[in-house]
Ligand SMILES: [Mg+2]
């Protein structure tokens, strides 16, 4: 990558989508493994079986819900009910799963999807209590970030919050999606990771300076990621841990492979940390930065290629 030969926006959009799925699939076989175990036997390549007994190249709930979201955005400009309906279809009938059946679902997500199936409007379905702050909306928000990246910040943030709230309605989860989106938005137009984070921090603080939840974001807004040691990075399923860990992985590595392996090898919620970091790194390094030997084993490649192509057609080109 250099300034005279920038990566086209489309390559970044497609890179982010493949990158998310690859990061998810790299993490699936070692989900819940702790960091010490992965240090002994680190993930270096796409493995098979392991935690969920799945073949190589299998994405989990993260990937499936990203794909449901992208598909909704291809078919409707912005339709929360349609997104919610597709998420229910994933849970009940395996829509956009790698191999026909979901094998993992978060507590907050299943609660919200049962409420939608029972007739609650999607925009009100997500839990709003403090314990409903797992990473289940952050992990699937990327397509919305990409699709609306050219919008003014207020409406961009508003859309991300609404899509988060389908399953995760607490302010902290909604705001985490916005902070991720603000970084993605900068990366998409070619900002370097550190500059993108700096801009996103200023924009985020401007949006939420009156929010009671802003104090929870202090580490994300002030940490010097470049000097943070690994033992200060948590990789649980808590939304702010996932966002913090993913940004740290992006900022302390030099290419897609290094970033995503670092994320997965943190242990814990490996598939989601891998997925969120993979989305960031895919946008930074573009499709050519995502190792082809990790794309090759992914399930349903033809379906993915078709969807991603259609998705780029509805995305802004900033032209
Ligand atoms: Mg998962």
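The values are calculated or read from the model by the stated rules, or taken from the named source; none is laboratory data. Worth saying up front: this structure is predicted, and the values here are computed from it rather than measured. No Cβ is skipped: glycine too gets one built from the backbone with ideal geometry, and neighbour counts run over all protein chains shown.
Give the residue, chosen from 225, 217, that is touching a residue at least 24 places away in the same chain (Cβ under 8 Å) and over 20 Å from residue 283 (Cα atoms). Can you show your working first?
Working: 225 fails: over 20 Å from residue 283 (Cα atoms).
Going through 225, 217 in turn, just one is touching a residue at least 24 places away in the same chain (Cβ under 8 Å) and over 20 Å from residue 283 (Cα atoms): 217.
Report yes if residue 270 is touching a strand residue (DSSP E or B) at 6+ places or on another chain (Cβ under 9 Å) and within 22 Å of residue 15 (Cβ to Cβ), otherwise no.
On the way: touching a strand residue (DSSP E or B) at 6+ places or on another chain (Cβ under 9 Å): no; within 22 Å of residue 15 (Cβ to Cβ): yes.
It is false that residue 270 is touching a strand residue (DSSP E or B) at 6+ places or on another chain (Cβ under 9 Å) and within 22 Å of residue 15 (Cβ to Cβ).
Please determine, by comparing only the residues of region 242-256 that are away from the ligand (no atom under 16 Å from the Cβ) and either outside any loop (DSSP other than H, G, I, E, B) or modelled with pLDDT under 95 (or both), which one is surrounded by the fewest Cβ atoms within 10 Å (Cβ to Cβ).
The initial filter retains those residues of region 242-256 that are away from the ligand (no atom under 16 Å from the Cβ), namely 244, 247-256.
Still in the running and either outside any loop (DSSP other than H, G, I, E, B) or modelled with pLDDT under 95 (or both): 244, 247-251, 256.
Numbers: 244: 23, 247: 24, 248: 25, 249: 29, 250: 29, 251: 19, 256: 28.
Looking at residues that are away from the ligand (no atom under 16 Å from the Cβ) and either outside any loop (DSSP other than H, G, I, E, B) or modelled with pLDDT under 95 (or both), I get 251.
Restricting to region 9-32, give me the number of residues that are more than 15 Å from the ligand (Cβ to nearest atom) and part of a loop (DSSP other than H, G, I, E, B). Before you say what the answer is, go through the steps one by one.
Going through region 9-32, the residues more than 15 Å from the ligand (Cβ to nearest atom) turn out to be 9-19.
Then drop every residue that is not part of a loop (DSSP other than H, G, I, E, B), which leaves none.
Selection size over region 9-32: 0.
Out of 318, 308, report the one residue that is out of contact with any strand residue (DSSP E or B) (no Cβ under 9 Å at 6 or more places or on another chain) and surrounded by fewer than 19 Cβ atoms within 10 Å (Cβ to Cβ). Let's see the steps before the verdict.
Numbers: 308 fails: surrounded by fewer than 19 Cβ atoms within 10 Å (Cβ to Cβ).
The unique qualifying residue is 318.
Is it the case that region 221-234 has a residue that's buried (at least 22 other Cβ atoms within 10 Å of the Cβ) and in a helix (DSSP H, G or I)? Please lay out each step first, then the result.
At the first step, the residues of region 221-234 found to be buried (at least 22 other Cβ atoms within 10 Å of the Cβ) are 233.
Adding the requirement that they be in a helix (DSSP H, G or I) leaves none.
No, region 221-234 has no match at all.
When region 257-290 is examined, which residues are found to be within 14 Å of the ligand (Cβ to nearest atom) and either surrounded by fewer than 24 Cβ atoms within 10 Å (Cβ to Cβ) or not in a helix (DSSP H, G or I) (or both)? Before you say what the answer is, go through the steps one by one.
Applying the first criterion (within 14 Å of the ligand (Cβ to nearest atom)) to region 257-290 yields 263-264, 268-279.
Those that are within 14 Å of the ligand (Cβ to nearest atom) and either surrounded by fewer than 24 Cβ atoms within 10 Å (Cβ to Cβ) or not in a helix (DSSP H, G or I) (or both): 268, 269.
Look at residue 57 and say whether it is in a loop (DSSP other than H, G, I, E, B), buried (at least 22 other Cβ atoms within 10 Å of the Cβ) and either more than 16 Å from the ligand (Cβ to nearest atom) or in contact (Cβ under 8 Å) with a residue 60 or more places away in the chain (or both).
Working: in a loop (DSSP other than H, G, I, E, B): yes; buried (at least 22 other Cβ atoms within 10 Å of the Cβ): yes; either more than 16 Å from the ligand (Cβ to nearest atom) or in contact (Cβ under 8 Å) with a residue 60 or more places away in the chain (or both): yes.
The answer is yes for residue 57.
Among 143, 152, 121, which is away from the ligand (no atom under 16 Å from the Cβ) and more than 18 Å from residue 69 (Cα to Cα)? Give the steps one after another, and end with the answer.
Numbers: 143 fails: more than 18 Å from residue 69 (Cα to Cα); 121 fails: more than 18 Å from residue 69 (Cα to Cα).
After ruling out the rest, the residue left standing is 152.
What's the total number of residues in region 78-93 that are loosely packed, with under 15 Cβ neighbours inside 10 Å and either over 18 Å from residue 164 (Cβ atoms) or in contact with a strand residue (DSSP E or B) (Cβ under 6 Å, 6 or more places away or on another chain) (or both)?
2
Within region 9-16, is there a residue that is crowded, with 22+ Cβ neighbours inside 10 Å and within 15 Å of residue 263 (Cβ to Cβ)? Explain how you work it out, then say what you get.
Quick first cut of region 9-16, residues crowded, with 22+ Cβ neighbours inside 10 Å only: 9, 12-16.
Now drop any that are not within 15 Å of residue 263 (Cβ to Cβ), which leaves 16.
Yes: one or more hits.
Filter region 189-205 down to the residues that are surrounded by fewer than 17 Cβ atoms within 10 Å (Cβ to Cβ), in a helix (DSSP H, G or I) and touching a residue at least 24 places away in the same chain (Cβ under 8 Å) and list them by number.
Listed by number, the list holds a single entry, 194.
Report, by residue number, each residue of region 141-161 that is touching a helix residue (DSSP H, G or I) at 6+ places or on another chain (Cβ under 8 Å), surrounded by fewer than 16 Cβ atoms within 10 Å (Cβ to Cβ) and not in a loop (DSSP other than H, G, I, E, B).
At the first step, the residues of region 141-161 found to be touching a helix residue (DSSP H, G or I) at 6+ places or on another chain (Cβ under 8 Å) are 141-149, 151, 153-154, 156-157, 159-161.
Among the residues that remain, those that are also surrounded by fewer than 16 Cβ atoms within 10 Å (Cβ to Cβ) are: 151, 153-154.
153, 154, listed by residue number.
Identify the residue in region 67-76 that is touching a residue at least 12 places away in the same chain (Cβ under 8 Å) and farther than 18 Å from residue 169 by Cα and, among all such residues, is surrounded by the most Cβ atoms within 10 Å (Cβ to Cβ). First the steps, then the outcome.
Step one: filter region 67-76 for residues touching a residue at least 12 places away in the same chain (Cβ under 8 Å), giving 67-74.
Subset that is farther than 18 Å from residue 169 by Cα: 67-68, 70-74.
On the way: 67: 28, 68: 24, 70: 26, 71: 20, 72: 24, 73: 23, 74: 19.
Per the criteria, the residue is 67.
Residue by residue through region 33-53, note down the ones that are touching a residue at least 24 places away in the same chain (Cβ under 8 Å) and within 11 Å of the ligand (Cβ to nearest atom).
Answer for region 33-53, where residues must be touching a residue at least 24 places away in the same chain (Cβ under 8 Å) and within 11 Å of the ligand (Cβ to nearest atom): just 52.
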